[in-house]
Amino acid sequence: MSITATATDVLAFDREHLWHPYTSMTEPAPVRLVTGAEGARLRLADGREVVDGMSSWWAAIHGYRHPTLDRAVTEQAGRFSHVMFGGLTHEPAVDLGRRLVEITPDGLDRVFLADSGSVAVEVALKMALQYQRGVGRPRRTRMLTVLGGYHGDTFDCMSVTDPVGGMHAMWRGLLPDQVFGERPPSDDAAPAEVDRWAVGFRALAAEHADELAALVVEPLLQGAGGMHPYPEACLRVFREVADEHGLLLVLDEIATGFGRTGHLFVSELVAPDILCVGKALTGGYLSLAAVLTTDAVARGISGSEAGVVMHGPTFMGNPLACAVASASIDLLLAGDWRGDVRRIGAALESGLAPLRGTPGVADVRTLGAVGVVQLDHPVDVAAATEAALGAGVWLRPFRDLVYAMPPYVIGDADLDRLVSGMGAAVAAG
Ligand SMILES: *Cc1c(COP(=O)(O)O)cnc(C)c1O
């Protein structure tokens, strides 16, 4: 009884006082109270234990309460939890820097530790602007991107996020005015369609080249802008366009990094000049992101009037976050993440296939350990969420999408349950 009373109290205060992501304070959508989490499961205050289909938004790749990650945090907390990074350094940051340089494509040797994904994108954009100034092209102040992208919620991040379909349409006119190309075709598009897209994109880049500093995209999979996988051929077009016109290629792998698409980083296919990682970097334990770039870009930045990267968050290089990030990377590389991603992808593909062509379903697609069901109407989020919970699964649909990217540690029985939960959400939503 007392647990129930406490839960009611907690939820009541939450409802009155706390904002949740993208929700109203006056008409808040319901939230569920989590009292524990372990492996691929969340425990709710009403006693239910549900399979987590979201990895807490791409982050918890090893699931919850992993003993190795728990230990990394507590051991570092026993030494020191934080010191400023201005004028000081520490082994957790250096150890993480070593690993990031090692596991990302050759040449990405300079590391900026940021405190969230959005800040990482801000830093990447700032680096691109400073680089262009440093190499004597100060008029290159705009960014080139494609429709359908998502790059975070701060203002410059919003400026490269899809202005219409994205979450930031209302800011048009207040944001820096960037150049948007057509969204790349879907990954099953015919070669002729890819060619048609490429011709248009190349023409747009050529038209604006003199004012463009960088090309900023999510590689291979657009995430929060619509869960849209696109062909590798488009990635190569991005690299060619950047090279042809002197733009830096910024790949935002905050969602795709650390194996989710079946590649450790999509950047292995096409190397960027600047790479942003975040989300799964700490295995979902703490907020941390990183921006990696090349020696050439670092030198260009040094040639700008400031001579330095003009950014330095208070919690830059937080030792707890760095320690758990290194532990998470080691755990990932020591295990069979490729096998897990393949296993999850196969289960999602076969489990969701029967939904193709059923009433209300516009498309079913999978990439790596991501499964997406696109409806032909906006999801009734409350009904879909409740139906998934009824089937023992936590999902967070948005727009017209019911999708999942579970922790890599999810077992086969829980995967079956996840697929059923998605089906229930689709039927109810
Ligand atoms: C989530 C996300 C971001 C923003 O990261 P935050 O940590 O939420 O600030 C940026 N880019 C992409 C591709 C993302 O998925």
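The values are calculated or read from the model by the stated rules, or taken from the named source; none is laboratory data. The structure presented is a predicted model; accordingly, all values stated were derived computationally and were not measured. With ideal geometry, Cβ positions are generated from the backbone for all residues, glycine too; neighbour counts draw on all protein chains shown. Just so you know, the surface numbers come from the protein's heavy atoms only, side chains and all, with ligands and any DNA or RNA stripped out. Shrake-Rupley method; radii C 1.70, N 1.55, O 1.52, S 1.80 Å.
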- Note on the structure: Per DSSP loop assignment and a cutoff of at most 11 other beta carbons within 10 Å, the chain keeps its longest run without exposed chymotrypsin sites (Phe, Trp or Tyr not before Pro) at 81-429
- Message: Just to verify a number: FRET efficiency for SER81 and THR141, C-beta to C-beta distance, R0 = 41 Å, to 0.05?
- Response: 0.55
- Query: Can you give me the Cα centroid spacing of the stretch 218-250 and the stretch 173-198 in angstrom?
  - Reply: 9
- Stretched fully, the stretch from ALA306 through TYR22 gains (0.36 nm per residue minus C-alpha distance, one decimal, in nm) 98.6 nm
- Message: At 7 Å along Cα-to-Cβ for each site, give me the label-to-label distance between PHE13 and GLU102 in nm.
- Response: 4.4
- Message: Below 8 Å between Cα atoms, with a sequence gap of 6+, how large is the relative contact order for the stretch 1-132 in percent?
- Response: 11
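Could you state the accessible area per residue of the chain in Å², with a 1.4 Å probe and every protein chain left in place? Don't jump to the answer; show the numbers that get you there.
Working: 18280 Å² over 429 residues.
Per-residue accessible area for the chain comes out at 43 Å².
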- Can you tell me how much longer the chain between ARG65 and LEU174 gets when fully stretched, taken as 0.36 nm per residue apart minus their C-alpha distance, in nm with one decimal? 35.0 nm
- What nm distance separates the two modelled labels at ARG32 and GLU240, each placed 7 Å from Cα along Cα→Cβ? 4.7
- Return the distance in nm (one decimal) between the two label points of a simple spin-label model at LEU333 and ARG356, each offset 7 Å from Cα along Cα→Cβ. 3.8
- Computed [θ] at 222 nm, deg cm²/dmol, the chain (DSSP H ≥ 4; -39,500 (n - 2.57); rounded to nearest 500): -12500 deg cm²/dmol
- Computed over the Cα atoms of the stretch 272-429, what is the ratio Rg over Rh, Rh following Kirkwood? 1.10
- Note on the structure: One finds the C-alpha centres of the stretch 343-377 and the stretch 264-284 to be spaced, in Å, by 25
- Query: For the stretch 155-264, what relative contact order do you get, as a whole percent, if you take Cα pairs closer than 8 Å and at least 6 residues apart?
  - Reply: 25
- Query: Normalised by the number of residues in the chain, what is the relative contact order in percent for Cα pairs under 8 Å and 6+ residues apart?
  - Reply: 21
- Task: Compute the FRET efficiency between ALA209 and ARG299 as 1/(1 + (r/R0)^6), taking r as their Cβ-Cβ distance and R0 = 25 Å, and round to the nearest 0.05.
- Result: 0.65
- According to the square roots a ≥ b ≥ c of the eigenvalues of the Cα gyration tensor, what is the shape class of the chain, taking rounded for a/c under 1.5, prolate for a/b larger than b/c otherwise, and oblate for the remainder? oblate
